[in-house]
Amino acid sequence: MKILQQIVNKKVNNLTPSELLKYSKQYNISITNEQAHTLVSVIKQKPVNIYNVEERRYLIKKIAQVTDRETAKKVNDLLQQLM
């Protein structure tokens, strides 16, 4: 299980804006191109372990600041499903 977590975290922390936009469309989470670029730069500044509650909260708060609360909630719900 630890290896799978490492793979998922690596993917999250190495997302490109275009990948993020592709996933957002796939999961019906509305973000703009500008928001995708901002979110990717936030993640690259401080890589996150999505399996760590505190780090995931930090990421969700940043997502809410860049987008809105509803988008952050959708992302959080999606991350919960992936775990």
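Every read-out reported here was derived from the displayed coordinates using simple, explicitly stated rules and does not represent laboratory data. Quick caveat, the model's predicted, so the values are computed rather than measured. Every residue, glycine among them, receives a Cβ derived from its backbone with ideal geometry; neighbour counts consider all protein chains shown.
Quick rundown of the values:
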read-out: Hits in region 51-74 (condition: part of a helix (DSSP H, G or I) and among the aromatic types (Phe, Trp, Tyr)); value: Tyr58
read-out: Any pair with Cβ under 8 angstrom, 6 or more apart, that starts in region 20-43 at a residue that is farther than 12 Å from Val75 by Cα and touching a residue at least 12 places away in the same chain (Cβ under 8 Å) and ends at one that is surrounded by 16 or more Cβ atoms within 10 Å (Cβ to Cβ) and of a type in the set (Gly, Ala, Ser); value: Leu21/Ala36; Ala36/Ser24
read-out: Among residues of region 28-50, those that are exposed (fewer than 12 other Cβ atoms within 10 Å of the Cβ) and either on the phi > 0 side of the Ramachandran plot or assigned to a loop (DSSP other than H, G, I, E, B) (or both), counted; value: 2
read-out: Selection count where residues are of a type outside the set (Ser, Thr, Tyr) and farther than 23 Å from Ile3 by Cβ, scope region 47-75; value: 15
read-out: Test result for Asn9, within 11 Å of the chain's Cα centre (by Cα) and either of a type outside the set (Phe, Trp, Tyr) or surrounded by 15 or more Cβ atoms within 10 Å (Cβ to Cβ) (or both); value: yes
read-out: Any pair with Cβ under 6 angstrom, 6 or more apart, that starts in region 52-80 at a residue that is of a type in the set (S, T, N, Q) and ends at one that is in a helix (DSSP H, G or I); value: Thr67/Gln35; Asn76/Ile60
